[in-house]
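Everything below concerns the one structure shown next.
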2 protein chains.
Amino acid sequence: MVSIDEVARLAGLSTATVSRALSGRGYVSAASRERVRIAAQQLGYVVSSRASSLASGRTRNIGVVVPFLDRWFFSTVLSGVSSALMRRGYDITLYNITADEDVRKDVFETALRRQRVDAVIAVAIELDEDETEQLLALGLPVIAIGGPNARLDTLTVDDFALARLATEHLLSLGHTDIAHIGANPEFDIDFHIPTNRRLGFEQALADAGIAPNPAYLEPADFTVDGGYRAAKQLLGRPGPRPTAVFAASDEMAIGAVLAARDLGYRVPEDLSVVGIDGHELGDFFRLTTVDQFPLAQGERAADAVLAKLESSDEPTAHGELPFELIVRGTTARLPKA
Amino acid sequence: MVSIDEVARLAGLSTATVSRALSGRGYVSAASRERVRIAAQQLGYVVSSRASSLASGRTRNIGVVVPFLDRWFFSTVLSGVSSALMRRGYDITLYNITADEDVRKDVFETALRRQRVDAVIAVAIELDEDETEQLLALGLPVIAIGGPNARLDTLTVDDFALARLATEHLLSLGHTDIAHIGANPEFDIDFHIPTNRRLGFEQALADAGIAPNPAYLEPADFTVDGGYRAAKQLLGRPGPRPTAVFAASDEMAIGAVLAARDLGYRVPEDLSVVGIDGHELGDFFRLTTVDQFPLAQGERAADAVLAKLESSDEPTAHGELPFELIVRGTTARLPKA
DNA sequence: AGCGCGTCTGTAAGCGTTTGCAGTAGGCTC
DNA sequence: GAGCCTACTGCAAACGCTTACAGACGCGCT
């Protein structure tokens, strides 16, 4: 491995000047800068992050904490984070909080404290008091995406508003018998996203003067399969059936579309379906959805964390993330009886 | 940040002994070990990876190079890598090779050379000569998954055999008019996976004495949509139509199933469909597939790289990855005319 | 001419660990 | 009792950078 001394020797300068030239800190004459550049290039020198970070306290590395790697939403956010950070010359190290409690504990108590990262991005993690405290105690800039947390700088999408928008879209098409696939009202107290979407849904109905129908609330687990089963229940039960379904995720919405088809209902003629997310398969299924631009969420989080890193005083505040109704082919006007 | 000196003071020992006690290297009496444990625990001490890696040359961090983060296969492999490594106390830093040539160049020329990682896992990257050279020049253990590379230790799944197995499954059900959705024979010279799958398919047909029918070869881009379009072409064209389709990925197979349904063909009665991968949605669609266990691939790569790290002489050799035919509901016996 | 200032450079002291080496103590063998 | 070995410990020198500090120089000012 070639070290900074060799570059200094070849450039005929001290290591201090080489360091300054390469990092862009402090005064270096244009001539020296150029000689350093050439020498470094010639030797194929790359600064050792080990030594550099020990000496400077900066690692040029951001920790990203995610609950899942193999689910579309999270890997898409991660992809956004990654592309924004790599562009700026930062590396990213990954902390995958799994269901395993020991691993999770280890991440907060040990892994994140190894001084490997300059800052942390937490993606859609429901953090308890202790974990929030531990993140804060790192003394590093932290940005959380989703799951509002009063003590952390958070980028959130307004799930309540998202759900209301999706529901209002159905209402504006004349639907009044609208079902919701999503949170289980009995079990979702601790997990905000599904709950907020359900509440937004209910608010939209209330605003339209429609009383909530408990039979039109079907819990599901945010998978295609879950959405499929839920929709089958909603549509297959004897008695009145909904003319529209608002699913709390695109994957469930896709499941609902497939369930409707399997039961012989046409989408959107017999059933309108709207989802949330902006899933990559949405286009294929012509799914109407409220896109929350997960790739852009990742990029914004990366930008925000770098901004905090560069000027720690900046009051990053709590950012609101954009969303947009994308009307495609799975929703239509309620036919006149 | 509490340092090793404070632990040493509290334990009444030298920093050297503390270091040895915590790392488990060299002689330390049981009593000292215990005192160190307690002192470290009490102070909440965590070794600084900055200092530790500078002094020891070990980072306890593995670099993982992936071409995509937001595609199911890659994020699943990554998930496997991550869980296996975290379990062993390793961190993982991510290098996402995007389409952007500059980023790709930067990863190989700079990012990987920052001494941030002890070893590298390259997932399904088609490496050219230079890149292979650069990986080797790192002087680190490297494991590649997929894309056989004679100069690197590689874990490969035998795509040729996979494809042959899938095809033989269809043959054994009595099908002879079998179409393939996958590689474009004209453009796939540089990308081995699709090509090998096509060749395996053709070999199986040849072994069964069936002449390849160029009209039954439909290129597609490995997405659901691509599979859908390809299947529509295959089934919609006037003239003879295939009774079975072998798609080179599950996502394309799912597209094919949906296309068949949309055209009014029943699966599997009118058309059998088999895919490759073991995609998470395969179960939902009752898709017959050849599973290649991507999660396990990631875990195996992680184990292999750690094994190389621990005993560098071990001849890891070129490992073959397992695969298995999973027969579900999209394939059936060819009905007697 | 003398002064202050901005620019540039080098010297050397860290940064927080790990580890080679030397030293001690105790137990064995002869 | 000498000699050797093993188990344990501490001292201090790395590891490869960054940066505070100080010195040197040229410039414009008084």
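Limited to the stretch B:120-134, what total is found for residues that are surrounded by fewer than 22 Cβ atoms within 10 Å (Cβ to Cβ) and farther than 25 Å from B:Gly182 by Cβ?
So the count comes out to 7.
One residue is enough: does the stretch B:94-108 have a residue meeting the conditions within 16 Å of DNA strand D (Cβ to nearest atom) and on the phi < 0 side of the Ramachandran plot?
Checked against the condition, which is being within 16 Å of DNA strand D (Cβ to nearest atom) and on the phi < 0 side of the Ramachandran plot, the stretch B:94-108 yields no hits at all.
Among the numbered criteria (1) within 6 Å of DNA strand D (Cβ to nearest atom); (2) away from chain B (no Cβ under 13 Å), which one does A:Ile4 miss?
(2)
Just give me the residues in the stretch B:191-235 being buried (at least 16 other Cβ atoms within 10 Å of the Cβ) and either at positive phi or of a type in the set (Val, Ile, Thr) (or both), in sequence order.
B:Ile193, B:Thr195, B:Ile210, B:Phe222, B:Thr223, B:Val224
Give the residues of the stretch B:37-74 that are surrounded by fewer than 19 Cβ atoms within 10 Å (Cβ to Cβ), more than 9 Å from chain A (Cβ to nearest Cβ) and under 30 Å from A:Phe73 (Cα atoms), sorted by residue number.
Selection gives B:Pro67 alone.
Between a first residue in the stretch B:1-13 that is farther than 17 Å from B:Tyr27 by Cα and a second residue that is crowded, with 19+ Cβ neighbours inside 10 Å and modelled with pLDDT of 95 or more, which pairs have beta carbons less than 6 Å apart while being 6 or more apart in sequence or on different chains?
Once the first residue is farther than 17 Å from B:Tyr27 by Cα and sits in the stretch B:1-13, its partners that are crowded, with 19+ Cβ neighbours inside 10 Å and modelled with pLDDT of 95 or more give B:Val2/B:Tyr45; B:Ile4/B:Val18; B:Val7/B:Val18; B:Val7/B:Ala39; B:Val7/B:Ala40; B:Val7/B:Tyr45; B:Leu10/B:Ala39.
Which residue, of A:Thr223, A:Thr154, A:Thr167, is out of contact with any strand residue (DSSP E or B) (no Cβ under 7 Å at 6 or more places or on another chain), in contact (Cβ under 8 Å) with a residue 24 or more places away in the chain and either polar (S, T, N, Q) or closer than 30 Å to A:Asp70 by Cα (or both)?
Just one listed residue meets the conditions, A:Thr223.
Starting from the stretch B:25-42, keep only residues that are over 12 Å from B:Gly12 (Cβ atoms), then list their pairs with residues that are within 14 Å of DNA strand C (Cβ to nearest atom) and among the basic types (Lys, Arg) whose Cβ atoms are within a distance under 8 Å, requiring at least 6 positions of separation or different chains.
From the stretch B:25-42, the pairs are B:Gly26/B:Arg20; B:Tyr27/B:Arg20; B:Val28/B:Arg20.
Filter the stretch A:80-92 down to residues that are surrounded by fewer than 23 Cβ atoms within 10 Å (Cβ to Cβ) and among the polar types (S, T, N, Q), then give me how many there are.
1
Run A:Ser75 past the list (1) within 26 Å of the chain's Cα centre (by Cα); (2) within 15 Å of DNA strand D (Cβ to nearest atom) and report the number of the one that doesn't hold.
Tallying (1) within 26 Å of the chain's Cα centre (by Cα); (2) within 15 Å of DNA strand D (Cβ to nearest atom), A:Ser75 fails exactly one: (2).
Would you tally the residues in the stretch A:47-68 being aliphatic (A, V, I, L, M) and near DNA strand D (Cβ under 8 Å from one of its atoms)?
Going through the stretch A:47-68 one residue at a time, the tally reaches 4.
Give A:Ser23, A:Ser29 a once-over and let me know the one that is near DNA strand D (Cβ under 7 Å from one of its atoms) and away from chain B (no Cβ under 11 Å).
A:Ser23
Here is a yes/no grid of residues against (1) under 21 Å from B:Ala119 (Cα atoms); (2) within 7 Å of DNA strand C (Cβ to nearest atom):
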position: B:Arg20; (1), (2): no, yes
position: B:Ser23; (1), (2): yes, yes
position: B:Gly57; (1), (2): yes, yes
position: B:Gly63; (1), (2): yes, no
position: B:Leu69; (1), (2): yes, no
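Could you identify the single residue in B:Arg58, B:Arg35, B:Arg87 that is closer than 30 Å to A:Leu295 by Cα and of a type in the set (Lys, Arg)?
Among B:Arg58, B:Arg35, B:Arg87, only B:Arg87 is closer than 30 Å to A:Leu295 by Cα and of a type in the set (Lys, Arg).
Yes or no: the stretch A:252-263 includes at least one residue that is touching an Asp or Glu at 6+ places or on another chain (Cβ under 7 Å), more than 25 Å from A:Ile210 (Cα to Cα) and not polar (S, T, N, Q).
yes
Exactly one condition in (1) over 30 Å from A:Asp207 (Cα atoms); (2) more than 12 Å from every other protein chain (Cβ to nearest Cβ); (3) modelled with pLDDT of 95 or more is not met by A:Ala144; state its number.
(3)
Specify which of the listed residues (B:Arg164, B:Arg104, B:Arg116, B:Arg151) is in contact with a helix residue (DSSP H, G or I) (Cβ under 9 Å, 6 or more places away or on another chain) and surrounded by fewer than 17 Cβ atoms within 10 Å (Cβ to Cβ).
B:Arg151
Go through the stretch A:80-103 residue by residue and tally those that are touching a residue at least 24 places away in the same chain (Cβ under 8 Å) and either more than 7 Å from every other protein chain (Cβ to nearest Cβ) or closer than 11 Å to A:Ala302 by Cβ (or both).
Qualifying residue count for the region: 12.
Collect the residues in the stretch A:1-14 that are near DNA strand C (Cβ under 7 Å from one of its atoms) and surrounded by 15 or more Cβ atoms within 10 Å (Cβ to Cβ), keeping them in residue-number order.
A:Leu13
The values are calculated or read from the model by the stated rules, or taken from the named source; none is laboratory data. Just so we're clear, the structure is a prediction, and the values are computed from it rather than from any experiment. Here the Cβ is made from the backbone with ideal geometry for all residues, glycine too, and neighbour counts use every protein chain on show.
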